[in-house]
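The values are calculated or read from the model by the stated rules, or taken from the named source; none is laboratory data. Bear in mind that the values here come from a model prediction, so they are computed numbers and not experimental data. Here the Cβ is made from the backbone with ideal geometry for all residues, glycine too, and neighbour counts use every protein chain on show. Surface accessibility is based on the protein's heavy atoms, side chains included, excluding ligands, DNA and RNA. Shrake-Rupley method; radii C 1.70, N 1.55, O 1.52, S 1.80 Å.
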Amino acid sequence: MSKIATVTIDDLKVDLPLIEGTDNENAIDIEKLRAATGLVTLDPGYKNTGACKSAITYLDGEKGILRYRGYSIEDLAEKSNFLEVAYLIIFGELPTKTQIEQFENDIRKHTLVNEEMKSIIDGFPKHAHPMGVLSSLTCALTAFNPSVVNVANEKQMYDAICKIMGKFLVLATWTYRKAKGYPLNYYDNTKSYVENFLRLMFQLPTEPYKVNPVVQNAIDKLFILHADHEQNCSTSTVRMVGSSHAGLFASISAGVSALWGPLHGGANQAVLEMLEEIQKDGGDADKYLAKAKDKNDPFRLMGFGHRVYKNFDPRARIIKKAAEEVLADLGVNDPILKIAKDLEEKALKDEYFVARNLYPNVDFYSGIIYRALGIPTEMFTVMFAIGRLPGWVAQWKEMRENKEPIGRPRQLYIGESFRAFKEINER
Ligand code: SDX
C-alpha cells in the first residue's frame, strides 16, 4: 500500500501520494493539489520543493554525502579524471576505454571555434568580467551552430553535447586571453582536455610552455569536484530555460549567468576578495566573524553556509587537503591560507555558526588553490563553470529526454484587487 500525505482544510480532506526515491528519499506528489483544493504551495527559494526527479547526483546534506550516478565524490576525485567523470554524469555509466576514447575524439571534431567569434569577443572592453563575456559568447555559438537548437533525436543530442564540451572550454579561456591582451589560442587535438585548458590559458607564442603535472592534476580534481550538484541555482536555470525548448547553448549561457552571482558560484571570487580584505586589515579573524554575525552589517562570511549541506561540504574537505598539498608541492607559502584556516577554526566553534549549521562550502578553499596555480581571481568563477558544464549538460539532457513540461511556477498574488481605470486628470 503506497504511503499518503493527507491535507485537511476545514472539512476537505485530500490524500496526496508519497513517491519513494533511492536511499529512502521521499516526496509528496502535489501535482493534483490545486485541482483538488484550489490551492498552491508557497516556498520562496524552493527550500522544500523538488522541481524534478533526477538520477544524476545524490546529496545528503545532513551526512555530507555527494555521489555522481552512485559513485562517491571521494572515489571519483581520487581515482578518476574529469573527462571520464563528465562521461559518467552525462551518459550514466563509467566509460570503457573504447567509449572514453570515442567521446574524446568526438569532442575533438568540434574544438575549432568559428573565426567570426573573434569579432564578437573583440566587441568587449578588456575590463569586462569574464563571466559576462563567457555567457554572451556561449549564447552566440548558436548563430554558428543553428542545428543544436532542436535536438530531436539521440544523435543530434550527442552532437550538441560534443560541440559544447569542445567549444565552451576554448571560449572560457578566451575570456582570460582577451582581458590580458594576449592572442587567442587554439585547442590542440593531440593533447588531453585538461592539458588543453592550461595551454589555452597560459601558452604564449613567444616561448615554449611546460605543463606542471601537479598543476594539471589539481585542476583535473577541481573540475571533478565542481561537475554537478543536483538542482542548484544555475542548474535549475539551465533546466528552466531548456524546458521552453530553447537550445543547449542558450540554456548553458543562462546557467553561466546564474552561476556568476556571489551567493552561488561567484562566491569563490568573493572569498578571495574577503580574505585579501581581512589580510589588508591586519588579519583579525575575530573582527570579521563579529561582522558576519552582526545583522546590521551586510558582511557575510563568503564560502560559508549552504542551502543543502548542514554539515561539512564533502568537496570542501577534499579541496582543503588539495590546497595544502598543491601549495607545498609548488613551494607557495600563502598567508591567505592561514587566515582561511583561522576563520574556519574559530567559526566552527562559534555558537552563531554552529546553531545555523554554517560550514565551509566548495568555494571556501578553491580560490586559494586557483591563486597558487596562477589563475587570476576574476577567472575563479569561470573555472567553476568549466567544471560544472557536464552537470548542466546532463541535467538538460535528462529534462529533455524525460519530456518534462515547460517550467512555469504559480504564485500567491498580494497586489491590488480590480480597480476601474482613472483618466489622468482624475489621478
Ligand atoms: C554554491 O546549491 C548548491 O548546491 C550550490 C553549490 C553548487 O555546487 O552548485 O554548492 C555552490 O553556491 C555554494 C554556496 C556559495 N555561497 C557562499 O558561500 C555565499 C555565503 N553563503 C550564504 O550567502 C548562504 O549560506 C547561502 C546562500 C549559501 C545559503 O543561503 P540559505 O540557505 O538561503 O540560508 P539563509 O541565507 O536563509 O541563512 C540562514 C541563516 C541566516 O541567519 P538568521 O536569519 O537565521 O539569523 O544563516 C545565516 C543567515 O544570515 N547565514 C550566514 C551565512 N550564510 C547563512 N551568516 C553569515 N555568513 C554566512 N555565509
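Semi-axes of the equivalent ellipsoid of segment 1-43 are 21, 12, 8 Å, computed as sqrt(5λ) over the eigenvalues of the C-alpha gyration tensor in descending order. Peptides 277-289, 63-75, 301-313, ordered by how many other C-beta atoms sit within 10 Å of their residues on average, highest first, read 301-313, 63-75, 277-289. Considering only His127, His245, His264, the Gaussian network model of the chain with Cα springs below 10 Å gives its largest mean-square fluctuation to His127. Peptide packing: for 375-381, 183-189, the average count of neighbouring Cβ atoms within 10 Å per residue gives the ranking 375-381, 183-189, highest mean first.
When peptides 155-163, 324-332 are sorted by average Cβ neighbour count within 10 Å, with the highest value leading, the order is 155-163, 324-332. Taken as entire DSSP H runs, the helices of the chain that both span 20 Å or more between Cα atoms along their own long axis and average -0.5 or more on the Kyte-Doolittle scale are 130-144, 154-180, 314-329, 380-401.
Please find, in a Gaussian network model of the chain (springs between Cα atoms separated by less than 10 Å), the residue of Ala254, Ala347, Ala267 whose mean-square fluctuation is greatest. Looking only at Ala254, Ala347, Ala267, the largest GNM fluctuation is found for Ala347.
Can you bin segment 135-276 into rounded, prolate or oblate? Criterion: square roots of the alpha carbon gyration tensor eigenvalues sorted a ≥ b ≥ c, rounded for a/c under 1.5, prolate for a/b above b/c, oblate for the rest. Please list the in-between numbers first.
Details: a/c = 1.81, a/b = 1.27, b/c = 1.43.
Because a/c hits 1.5 or more and a/b fails to exceed b/c, segment 135-276 counts as oblate.
When the Cα centres of segment 90-114 and segment 360-427 are compared, how far apart do they sit, in Å? Their Cα centres are 28 Å away from one another.
When only alpha carbons are used to place a centre, segment 201-275 and segment 25-64 end up 26 Å from one another. Here segment 1-139 has 51 percent of its accessible surface on carbon and sulfur atoms, given a 1.4 Å probe and all protein chains in place. Subtracting the Cα-Cα distance of Tyr186 and Lys63 from their residue separation scaled by 0.36 nm leaves 40.0 nm. Report in % the part of the accessible area of segment 349-427 that belongs to carbon and sulfur, leaving out ligands and nucleic acids; probe 1.4 Å. Roughly 53 percent, rounded to a whole number. Modelled label positions at Asn24 and Asp106, each set 7 Å beyond Cα in the direction of Cβ, lie 3.9 nm from each other.
With Rh defined as the Kirkwood radius, the inverse of the mean 1/r over Cα pairs, the Rg/Rh of the chain is 1.00. Mind checking which of Leu222, Leu112, Leu12 has the largest fluctuation in a GNM of the chain, springs on alpha carbons under 10 Å? It is Leu12.
Here the gap between Asp286 and Leu42, fully extended at 0.36 nm per residue and compared with their Cα-Cα distance, gives a gain of 84.0 nm.
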